[in-house]
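For reference, the structure is listed below as structure tokens.
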Amino acid sequence: MPERQNDPSIDNSERLWRRVHPSQIDWTLNPPRVSTGAFNTRDGLSVSIASETTIEILTRDYPKHSVVEFEAGFARSLGCTIEREPTPEDPAHALVFGPKSRGQLNATQLNNLRDAATPILYKWPVQQTP
């Protein structure tokens with residue numbers, strides 16, 4: 001696997017947005033807390049570069065998802081690399097890679113990103129009536 005390189009066009013002050021499924025948030029806490037599972041992926045962590053998109057575009061096909069953000073420089077300070085990977089659906093798409101095989105984040109990176117992630121959009125789950 002080729003060594004990953006940080007994309008210098010993504011400034012350390014750039015905010016990175018991550019969609020979060022409702023099941024990855026502990027709604028019993030006040031305020032609700034995102035789980036490390038929201039950052040634990042099989043490959044690199046999928047994010048969008050905030051200055052290149054909008055919340056509306058990011059959540060257009062994911063109406064139940066919340067959104068959290070963290071700074072690129074913080075992820076890099078944890079030893080992560082960040083690369084652009086635009087898609088037709090999300091031209092602002094990028095991946096955050098950790099040191100594990102296939103770019104997975106390690107436990108310390110998962111915990112630190114979870115703790116640093118700031119919710120910018122909460123989509124409260126709809127309560128089902130019996």
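Side notes on the structure shown:
- Charging the Cβ of each Asp and Glu at -1 and of each Lys and Arg at +1, and nothing else, the dipole of the stretch 15-121 about its Cα centre rounds to 300 debye.
- Two-site label geometry, residue 111 and residue 15: point separation in nm, points 7 Å out along Cα→Cβ: 2.7
- The mean sequence distance of close C-alpha pairs (under 8 Å, at least 6 residues apart), as a share of the length of the chain, puts its relative contact order at 32 percent.
- The ranking of 69, 89 from fewest to most other beta carbons within 10 Å of each one's beta carbon is 89, 69.
- For the pair residue 122 and residue 55 in one chain, pulling the backbone fully straight at 0.36 nm per residue adds 23.0 nm over the alpha carbon distance.
- By other beta-carbon atoms within 10 Å, ranking 39, 97 with the fewest at the front produces 97, 39.
- Matching label, Cα extents along the principal axes in Å computed from the structure shown, candidates (1) 59, 34, 27; (2) 53, 31, 26; (3) 60, 29, 25: (2)
- Compared with the alpha-carbon gap, the fully stretched path from residue 77 to residue 28 is longer by 14.5 nm at 0.36 nm per residue.
- Label point distance in nm, residue 87-residue 36, each placed 7 Å from Cα along Cα→Cβ: 2.6
Where a number appears in this text, it was derived from the coordinates with a stated rule and is not lab data. Note that the structure is a prediction, hence the values are computed from the model and not measured. Because the Cβ atoms are built from the backbone with ideal geometry, glycine has one as well, and the counts that use them run over all protein chains shown.
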